[in-house]
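Take a look at the structure set out below.
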Amino acid sequence: MNILFVADPLEVFKIYKDTTFSMMREAQRRGHRVAACEPGDLTWSAGDVVHATVREITLTGEDEEWFRVDRTALKALKDFDAVLMRKDPPFDSEYFYATHLLEQAEREGAKVFNKPAALRDHPEKLAIMEFPQFVSPTLVTRQPDEVRRFHEEHGDIILKPLDGMGGMGIFRVGPEGLNLGSIIETLNRHGGTTLMVQRFVPEISQGDKRVLVIGGQVVPFCLARIPQGSEIRGNLAAGGKGVAQPITERDREIAETIGPLLSGRGLLLIGLDVIGDCLTEINVTSPTCFQEITQQTGFDVPAMFIDALEEAVDRDRTVL
């Protein structure tokens, strides 16, 4: 296959942990050709198809100069066998516009994973609303008084913006309510911005688990991202320690309920965040943790992903 990765600049990849890199490496190992571009490289004009200036690359196996550019060319997205949207959040206006360009490429014949419309339809924090049976008490609101009421009811709460990533902008307020007003003002911007509030789940001390579902199938190991020191955030970007472990029966129940459903909507890869027995987020933009799980357990997550990608592309060819 000829695979295009729409991602962040290759030069900023931390290849020792980057999931997109691990996908590229496994794809190349199987003989697939790898190309990369950034969302800003996508372009469309009336009467033509969506193109991108792409870099056709070879992975070198080195740690520093990890890729070699074989050729830079303007190519139609429909001419690739698969286009993988792997741009990291935030899901801002430019990300939104990129999904529309990718959706136009789909209409022209491109095969895009995850499906652009599904990326828009499943915002990572709000997507949990479809599955209330799995979530802890949660409030989504722009009303400061509703936040205060929620705090009075539950005592120990987490507040977070809807567009954050990597643990950014997450606050904990205990029963004493210290700084609640200031935090609401910061996140809510005097009623101008919607935020999410959740009852604090003390099992965060055992980790914020990333459960991966690929092609509707559950990866049997998760990565528990455990907060360090005085932190409440387990996110690796916030200094959490990643410990791979077998998924629990509850993890599997959540994943086997949600995974096949979202796979049927065009989400080849999702990452479920589970604290204790509670689902907290559904990650669809660029779920990570492939390398950590593979290195610690021996279960080859990148191989499972490329298997699913090959199967999806073959299935589409058969339908056509």
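In a reduced charge model with +1 at each Lys and Arg Cβ and -1 at each Asp and Glu Cβ, the chain shows a dipole moment near 120 debye about its Cα centre. Of the GluC sites (Glu not before Pro) found in segment 148-191, those that fall in a DSSP loop while having at most 10 other beta-carbon atoms within 10 Å are Glu176. Which one, Leu101, Ile128, Ala255, is farthest towards the positive end of the dipole of the chain when Lys and Arg carry +1 and Asp and Glu -1 on their Cβ? With unit charges placed on the Cβ atoms, the residue in question is Leu101.
If I take R0 = 22 Å and measure r between the Cβ atoms of Arg172 and Ala237 in this structure, what FRET efficiency does the formula 1/(1 + (r/R0)^6) give, to the nearest 0.05?
In this case the efficiency is close to 0.80.
Taken as entire DSSP H runs, the helices of the chain that both span 24 Å or more between Cα atoms along their own long axis and average 0.0 or more on the Kyte-Doolittle scale are 301-319. The magnitude of the dipole of segment 111-192, with charges of +1 and -1 set on the Cβ of Lys/Arg and Asp/Glu and taken from the Cα centre, is near 440 debye. Heavy atoms only, probe 1.4 Å: what % of the accessible area of the chain goes to carbon and sulfur, would you let me know? That fraction is 48 percent.
The label-point distance for Val69 and Glu146, in a model that sets each label 7 Å from Cα toward Cβ, rounds to 4.8 nm. Label sites at Leu261 and Val49, each approximated as a point 7 angstrom past Cα along Cα to Cβ, lie 3.6 nm apart. Surface exposure of segment 98-243, expressed per residue as accessible area with a 1.4 Å probe, stands at 45 Å².
The values are calculated or read from the model by the stated rules, or taken from the named source; none is laboratory data. Model, not experiment: these values are computed from the prediction. Backbone-built Cβ (ideal geometry, glycine too); neighbour counts: all protein chains shown. Side chains are part of the model used for accessible areas, which takes the heavy atoms of the whole protein and leaves out ligands, DNA and RNA. Shrake-Rupley method; radii C 1.70, N 1.55, O 1.52, S 1.80 Å.
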